[in-house]
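K.L.:
Let me begin by handing over the structure; questions about it come next.
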Amino acid sequence: DFEFYNISENAEERLRTDKHFAEFGSVYRCGYAKGECGVTFEMGYIEDKTTEDMFHLTPIEGRYPENSGEICIDKVTLNSLGYAAKVGQKLELTCMDYNQSELKTESFMVVGIIEQRITMSDLGTEYIQRQFSGVVNNEMVTVNAPYAYVYGKEANTIYKNGIQKILLANVAVTDNFDD
């Protein structure tokens, strides 16, 4: 199945009417945020439950934000900010655009924990590596998925311009499907 990075509205419209695709979702990249200790990470939001399922990043605890002031964040990122990986705590974050210009300082309640890491085995040795859903733009540059997700309406209020879209599209499964 496919991930399209910042495709045109016209191309998206054509894809959404193409019978070869069964479902769609959208992940939005907004900019950065940083905590008091200076750790910087990408922020974003997801469109809906279908997107969550298609993106294969279901929270290991809690849920994605449903209201302003909520955040779902990667476990390792939360730890690097000096917090335990548990829901119910408040974070004070400075939101920044992609040029890292400060936009606004906000308080967020952790309502979900995601884990964007996997255990890799190589030559009998296991190690942990950060992982994100791999998106490659047309210049073959890997695009990072966000490590924290906020409520969509709030993200649009804070970040306004510069929000980037990753369109997810699953191929329709039919009896005559041929690669």
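K.L.:
Excluding residues fewer than 8 places away in the same chain, name every one of the lysines whose C-alpha is closer than 19 Å to that of residue 75.
P.N.:
By straight Cα distance, residue 75 reaches 34, 86, 90.
K.L.:
Okay, next question. Please arrange 96, 109 by accessible surface area, largest first, computed with a 1.4 Å probe and ligands excluded.
P.N.:
From most accessible down to least: 109, 96.
K.L.:
If 165, 104 are ordered by their accessible area, calculated over protein heavy atoms with a 1.4 Å probe, which sequence runs from highest to lowest?
P.N.:
Putting 165, 104 in descending order of accessible area: 104, 165.
K.L.:
How much of the accessible area of segment 1-84, probe 1.4 Å, is carbon plus sulfur, in whole percent?
P.N.:
46
The values are calculated or read from the model by the stated rules, or taken from the named source; none is laboratory data. This structure is a prediction, so every number in the text was calculated from the model and none was measured. When the accessible area is computed, the model is the full protein with side chains, heavy atoms only, and any ligands, DNA or RNA have been set aside. Shrake-Rupley method; radii C 1.70, N 1.55, O 1.52, S 1.80 Å.
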